[in-house]
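Here's the structure, in structure tokens; my notes come after.
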Amino acid sequence: MRMFSSSLQAFMSGVLLIGVLVIGLPQLPAQAAAPTPTPSAPAPTPDACSSGRTVQVSGAAVVNVTPDRVLIQLGVQSNGVTVNEVESANTRAIRQVIQALRGQGIAEKDIATDWYIIEPIYEDYDSLYIKGYRINNLVAVTLRDVKKVSSVIAAALKAGANQVVNVEFYTSQLRAYRDQARELAMKAAGEKAEALAGAAGATPGCVLSISENTWSYFNSWWYGRDQSLWAQNVVQNAGSSSGGSGTGDDGPVSLGQISVRAEVSVAYGLE
């Protein structure tokens, strides 16, 4: 009887265990098969600027300003039979010129040797016989008082300079005037785009591209000076009939005005 009771308990325990397994097992595959949530893709945004229809225009602007800086290139040319002779003569003359420039109130930093060359002088073009030597010594003077151009040149010539190679006017505020010209050029381009698009029954939208047209301005035949100074997009407009040259007197040198120019090309999308 006791054996029968033990067998019955063992049988019931087995049935209970099987029931638990049967009930629990289907949940495991269901949990394993549940898909992992994925982040939803962002909704597509419309193009901020369509390039299917465009209008391309250019705009230019000029800002006229009175120059406040002058670069004067003065030369001393010396000739002699021997190298020592021509060198001594040129050194003596150039020292006198520099001393005269200092006497005009020009600072040491604004006086610089711009070109110095010594070359032989031949009997004729086809001859190898050297009959002497020549020195070309060029001094570049940055003048911050534009009213003193005439007096500085006269003082240098009296001191021994025998060449006035070049006189160039420019502005020390180029960046400010160029930015102003660029802004005006962009405004001109926008107005032109509105006119052209309106004639076609459209409206200019966003800006697709901008490019600036640049060039260097240098009209001197002399190669000694660093030409980066003249890459300013400026044009000398001497002898302005509007007055207001900025000199304040009737001196022999008319400053005129410097034209700082900017030109841009712009492409707009059409709406």
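The values are calculated or read from the model by the stated rules, or taken from the named source; none is laboratory data. Not measured: the values here are computed from a predicted model. All Cβ positions, even for glycine, are placed from backbone atoms using ideal geometry, and neighbour counts span all protein chains on display.
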Legend entry - In segment 147-166, residue farthest from the chain's Cα centre (by Cα) [restricted to those that are assigned to a strand (DSSP E or B) and crowded, with 18+ Cβ neighbours inside 10 Å]: 165
Inset, instruction - Look through 132, 59 and report the one residue that is small (Gly, Ala, Ser) and over 30 Å from residue 176 (Cβ atoms). - result: 132
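Just name the residue that is nearest to residue 104 (Cα to Cα) out of those in segment 137-191 that are small (Gly, Ala, Ser) and in contact with a helix residue (DSSP H, G or I) (Cβ under 7 Å, 6 or more places away or on another chain).
Just the residues of segment 137-191 that are small (Gly, Ala, Ser), to begin with: 140, 150-151, 154-156, 159-161, 172, 176, 181, 185, 188-190.
Still in the running and in contact with a helix residue (DSSP H, G or I) (Cβ under 7 Å, 6 or more places away or on another chain): 155-156, 159-161.
Values: 155: 8, 156: 10, 159: 12, 160: 15, 161: 15 Å.
Applying the filter and picking the extreme gives 155.
Would you confirm whether any residue within segment 137-156 is within 30 Å of residue 197 (Cα to Cα) and in contact (Cβ under 8 Å) with a residue 40 or more places away in the chain?
Checking segment 137-156: not a single residue is within 30 Å of residue 197 (Cα to Cα) and in contact (Cβ under 8 Å) with a residue 40 or more places away in the chain.
Examine segment 173-184 for a residue that is small (Gly, Ala, Ser) and buried (at least 16 other Cβ atoms within 10 Å of the Cβ), and state whether such a residue exists.
Our first condition is that a residue be small (Gly, Ala, Ser); within segment 173-184, this holds for 176, 181.
Okay, now just the ones that are also buried (at least 16 other Cβ atoms within 10 Å of the Cβ), so 181.
For segment 173-184, residues small (Gly, Ala, Ser) and buried (at least 16 other Cβ atoms within 10 Å of the Cβ): present.
Just wondering, is there one or more residues in segment 121-133 that are surrounded by 15 or more Cβ atoms within 10 Å (Cβ to Cβ), outside the structural domain of residue 192 (by TED's automatic domain parsing) and part of a strand (DSSP E or B)? Even if it seems obvious, please write down each step before you answer.
Here is the first cut: in segment 121-133, the residues surrounded by 15 or more Cβ atoms within 10 Å (Cβ to Cβ) are 132-133.
Now narrow it down to the ones that are outside the structural domain of residue 192 (by TED's automatic domain parsing): 132-133.
Still in the list and also part of a strand (DSSP E or B): 132-133.
The answer is yes, given that some residue of segment 121-133 is surrounded by 15 or more Cβ atoms within 10 Å (Cβ to Cβ), outside the structural domain of residue 192 (by TED's automatic domain parsing) and part of a strand (DSSP E or B).
Restrict the check to segment 255-270 and report whether at least one residue is within 30 Å of residue 115 (Cα to Cα) and either assigned by TED's automatic domain parsing to the domain that holds residue 136 or at pLDDT below 65 (or both). Can you show your working first?
Within segment 255-270, the first condition is being within 30 Å of residue 115 (Cα to Cα), and the residues that meet it are 255-260.
Next, from what is left, pick out any that are either assigned by TED's automatic domain parsing to the domain that holds residue 136 or at pLDDT below 65 (or both): none.
No, because not a single residue in segment 255-270 is within 30 Å of residue 115 (Cα to Cα) and either assigned by TED's automatic domain parsing to the domain that holds residue 136 or at pLDDT below 65 (or both).
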